[in-house]
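Student: Sharing a structure here in structure tokens format.
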Amino acid sequence: MSTEGLSMMLVTEIIVTLITAYFFFKILFTKKIQETDSYTENDDEIVQ
């Protein structure tokens with residue numbers, strides 16, 4: 001393999017790895033959005 005081919009392969013693999021790591025950590029450390037429970041709104045409460 002030529003030097004240009006090896007350097008192109010390494011640069012491509014590094015870029016793909018960095019992009020993958022960025023999105024992986026973005027998913028891990030994103031705050032969760034509090035959503036209401038749709039089932040509690042549909043419950044028929046009997047008040048006595």
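Student: Looking at the stretch 19-34 only, could you name the residues that are surrounded by fewer than 10 Cβ atoms within 10 Å (Cβ to Cβ) and not aromatic (F, W, Y)?
Tutor: If the condition is that a residue be surrounded by fewer than 10 Cβ atoms within 10 Å (Cβ to Cβ) and not aromatic (F, W, Y), then K26, I27, L28, T30, K31, K32, I33, Q34 are the ones that fit.
Student: Quick check on my filter: what residues within the stretch 3-48 are modelled with pLDDT of 85 or more and of a type in the set (K, R)? Break it down stepwise before answering.
Tutor: Within the stretch 3-48, the subset modelled with pLDDT of 85 or more is 3-30.
If the condition is that a residue be modelled with pLDDT of 85 or more and of a type in the set (K, R), then K26 is the only one that fits.
The values are calculated or read from the model by the stated rules, or taken from the named source; none is laboratory data. What you are looking at is a predicted structure, and each value in this text was computed from that prediction instead of being measured. Methodologically, a virtual Cβ is constructed for each residue, glycine included, from the backbone with ideal geometry; neighbour enumeration extends over all protein chains shown.
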